[in-house]
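Trainee: My questions will all concern the structure given below.
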Amino acid sequence: MKTNLFLSLTVGAFILVSCNQSKLNKEMVKKDVFGTHNGKEVYLLTLTNKAGNVIRLTNFGAKINWIEVPDKNGKKENVTFGYDTFDETLKGDMSFGSVVGRYANRIANGKFTLDGVEYHTPINNGPNTLHGGPLGWHSVVWDTEILKDSKYPAVKFTYVSPDMEEGFPGKVTATITYTWTDNNEIVMDYTCTTDKKTVVNVTNHAYFNLHGAGNGDILDHVLTLKASAFTPVDSVMIPTGEIRPVAGTPFDFNTPHTIGERIGDNYDQLILGRGYDHNYILDNKEDVDVTVYEPTSGRMLEVITDQPGMQLYTGNFLDGTQKGHGGKIYKFRSGLCLESGHYPDSPNHPEFPSTVLNPGDTLRTTTIYRFSVK
């Protein structure tokens, strides 16, 4: 009798905790209609952690639209690029905060070969395919699920990419789960499966400015990036195949340097990229792969990933034509990107880590953006 009573109390307590957790998660995730696209509803989801800090996501492109975190004095500010309305989002820069696929970064001449078959993908960046093509995953409406039993506010987006979408073989089912923890971490868990041999490289293309998005440039941000080498590029930003040590070059951020300290150096790769726009080969030896610190606000961003590469992009092609939240103008070098993933053009470089995904296998990868102050 006592045992049955104990079991009843335990089960009852479990149900009560689960119900309370579900109710709490519902309160921590607010879902609003943002617009419609191709007959599907687009949502804006606001996630609030226990500290009262907020991120906003949209299922259009599975984008991060807003990250509001405090500075060292407790003043909160949004630190990522995005737009206030869906119409602005649709007409604006499609990369801001997006999940990028089916192949993040560049593919040379818009073609690659798998098992003797040559596949052709859209040319949208000089002679190359960039970020899966103009109608890649950044431009589609993903299915949305608010996770009710998560310890923290969490949203799962799912997209089924049909066979030969943008020229890529295989029907790929992709998911991205965003979790916003009480430690101000955006945990991004990705999965991909396929019914046919294909190539997949996923990332998030958020822009960051720790002053606050649209407030000045990022040249004073202090960067530490734990990588011993990078992949130099040619005149159209495709890796040459060389693995170049960073030691003795302006690309060495193993010890902290401001981004602006050497960005104007007379160095071949900086000239080709108009700044930093290169894949770093991560050492993956320490808990944190990248740290960005902005001394005035005291804000710090740490990036942790299980991926082999990190694309550092310093907003070299921002030109002031994009107006984001509150009408703020995104000017030259006013934002930086830290895109975890595999190397550019890996399908055409067998010496690089493989991006091939086979039927029956699941690609699982996690990247974390952690915000703090010091």
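Trainee: Mind checking which residues of region 108-120 are touching a helix residue (DSSP H, G or I) at 6+ places or on another chain (Cβ under 8 Å), touching a residue at least 60 places away in the same chain (Cβ under 8 Å) and not in a strand (DSSP E or B)?
Mentor: Listed by number, the list holds a single entry, A108.
Trainee: Taking into account only those residues within region 176-189 that are touching a Ser or Thr at 6+ places or on another chain (Cβ under 7 Å) and surrounded by fewer than 22 Cβ atoms within 10 Å (Cβ to Cβ), which is nearest to P153 (Cα to Cα)? Even if it seems obvious, please write down each step before you answer.
Mentor: Here is the first cut: in region 176-189, the ones touching a Ser or Thr at 6+ places or on another chain (Cβ under 7 Å) are 179, 184, 187-189.
Applying the additional criterion that residues be surrounded by fewer than 22 Cβ atoms within 10 Å (Cβ to Cβ) yields 179, 184, 187, 189.
Details: T179: 6, N184: 11, V187: 11, D189: 14 Å.
Ranking the candidates gives T179 first.
Trainee: Okay, moving on. Inspect all residues belonging to region 133-150 and state whether any of them is within 20 Å of V356 (Cβ to Cβ), part of a loop (DSSP other than H, G, I, E, B) and in contact with a Ser or Thr (Cβ under 8 Å, 6 or more places away or on another chain). Spell out the reasoning first.
Mentor: Of the residues in region 133-150, the ones within 20 Å of V356 (Cβ to Cβ) are 133, 136-137.
Pick out the ones that are also part of a loop (DSSP other than H, G, I, E, B) and you get 133, 136.
Going one step further and asking which of them are in contact with a Ser or Thr (Cβ under 8 Å, 6 or more places away or on another chain), we end up with 133.
Yes, some residue in region 133-150 is within 20 Å of V356 (Cβ to Cβ), part of a loop (DSSP other than H, G, I, E, B) and in contact with a Ser or Thr (Cβ under 8 Å, 6 or more places away or on another chain).
Trainee: May I ask you to list the residues in region 324-344 that are under 20 Å from the mean Cα position of the chain (by Cα) and of a type in the set (D, E, K, R)?
Mentor: So the first thing to find is which residues in region 324-344 are under 20 Å from the mean Cα position of the chain (by Cα), and the list is 324-325, 330, 333-344.
R333, E339, listed by residue number.
Trainee: I'd like to check something: does region 269-278 contain any residue that is within 24 Å of H349 (Cβ to Cβ), surrounded by fewer than 14 Cβ atoms within 10 Å (Cβ to Cβ), of a type outside the set (S, T, N, Q) and touching a residue at least 60 places away in the same chain (Cβ under 8 Å)?
Mentor: no
Trainee: Does region 304-352 hold any residues that are acidic (D, E) and farther than 27 Å from S228 by Cα, and which are they? First the steps, then the outcome.
Mentor: Here is the first cut: in region 304-352, the residues acidic (D, E) are 306, 319, 339, 345, 351.
The answer is D319, and nothing else.
Trainee: Only one of V303, V233, V290, V246 is surrounded by fewer than 20 Cβ atoms within 10 Å (Cβ to Cβ), in contact (Cβ under 8 Å) with a residue 24 or more places away in the chain and touching a strand residue (DSSP E or B) at 6+ places or on another chain (Cβ under 8 Å); which?
Mentor: Numbers: V303 fails: surrounded by fewer than 20 Cβ atoms within 10 Å (Cβ to Cβ); V233 fails: surrounded by fewer than 20 Cβ atoms within 10 Å (Cβ to Cβ); V290 fails: surrounded by fewer than 20 Cβ atoms within 10 Å (Cβ to Cβ).
Residue meeting the stated conditions: V246.
A quick yes/no check of all residues on (1) surrounded by 19 or more Cβ atoms within 10 Å (Cβ to Cβ); (2) acidic (D, E); (3) without any contact (Cβ under 8 Å) to a residue 60 or more places away in the chain; (4) closer than 16 Å to G273 by Cα:
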position	(1), (2), (3), (4)
T314	yes, no, no, yes
I329	no, no, no, no
C337	yes, no, no, yes
S346	yes, no, no, no
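Trainee: Of all the residues that make up region 85-101, how many are more than 22 Å from A174 (Cβ to Cβ) and of a type in the set (V, I, T)?
Mentor: 1
Trainee: Would you confirm whether or not region 200-220 contains a residue that is farther than 30 Å from F251 by Cα, polar (S, T, N, Q) and surrounded by fewer than 20 Cβ atoms within 10 Å (Cβ to Cβ)?
Mentor: No, that holds for no residue.
Trainee: Output the number of residues of region 36-50 satisfying the condition of being under 14 Å from W142 (Cβ atoms) and not β-branched (V, I, T).
Mentor: Qualifying residue count, region 36-50: 7.
Trainee: Is it fair to say G309 is buried (at least 23 other Cβ atoms within 10 Å of the Cβ) and not basic (K, R)? If you could, list the steps in order and put the result at the bottom.
Mentor: Numbers: buried (at least 23 other Cβ atoms within 10 Å of the Cβ): yes; not basic (K, R): yes.
Taking the combined requirement at face value, the residue satisfies it.
Trainee: Continuing with the same structure: Checking R262 against (1) of a type in the set (K, R); (2) within 21 Å of G341 (Cβ to Cβ); (3) without any contact (Cβ under 8 Å) to a residue 60 or more places away in the chain, only one condition comes out false. Which one?
Mentor: The number of the failed condition is (2).
Trainee: Does region 348-361 include one or more residues that are farther than 14 Å from V199 by Cα and surrounded by 15 or more Cβ atoms within 10 Å (Cβ to Cβ)?
Mentor: no
Trainee: If you don't mind, another one. Name every residue in region 175-213 that is over 30 Å from K111 (Cα atoms), in contact (Cβ under 8 Å) with a residue 60 or more places away in the chain and in a strand (DSSP E or B), in order of residue number.
Mentor: Result: Y178, W180, E185, I186, V187, F208.
Trainee: Go through region 109-123 and report how many residues are surrounded by fewer than 20 Cβ atoms within 10 Å (Cβ to Cβ) and in contact with a strand residue (DSSP E or B) (Cβ under 9 Å, 6 or more places away or on another chain). If you could, list the steps in order and put the result at the bottom.
Mentor: Within region 109-123, the first condition is being surrounded by fewer than 20 Cβ atoms within 10 Å (Cβ to Cβ), and the residues that meet it are 109, 111, 113-120, 122-123.
The next check asks that each one be in contact with a strand residue (DSSP E or B) (Cβ under 9 Å, 6 or more places away or on another chain); those that pass are 109, 111, 113-114, 118-120, 122-123.
Of the residues in that region, 9 qualify.
Trainee: Kindly list, by first and then second residue, each pair from a residue in region 121-145 that is more than 19 Å from V155 (Cβ to Cβ) to a residue that is assigned to a loop (DSSP other than H, G, I, E, B) and among the basic types (K, R), limited to pairs with Cβ atoms under 6 Å and residues at least 6 apart or on different chains.
Mentor: From region 121-145, the pairs are G132/R102.
Trainee: What number of residues within region 55-84 satisfy the criterion of being closer than 21 Å to D143 by Cα and either at pLDDT below 95 or of a type in the set (A, V, I, L, M, F, W, C) (or both)?
Mentor: Final tally of qualifying residues: 6.
The values are calculated or read from the model by the stated rules, or taken from the named source; none is laboratory data. Values in this document were obtained by computation on a predicted structure and should not be read as measured data. Glycine also receives a Cβ, built like all others from the backbone with ideal geometry; neighbour counts cover every protein chain displayed.
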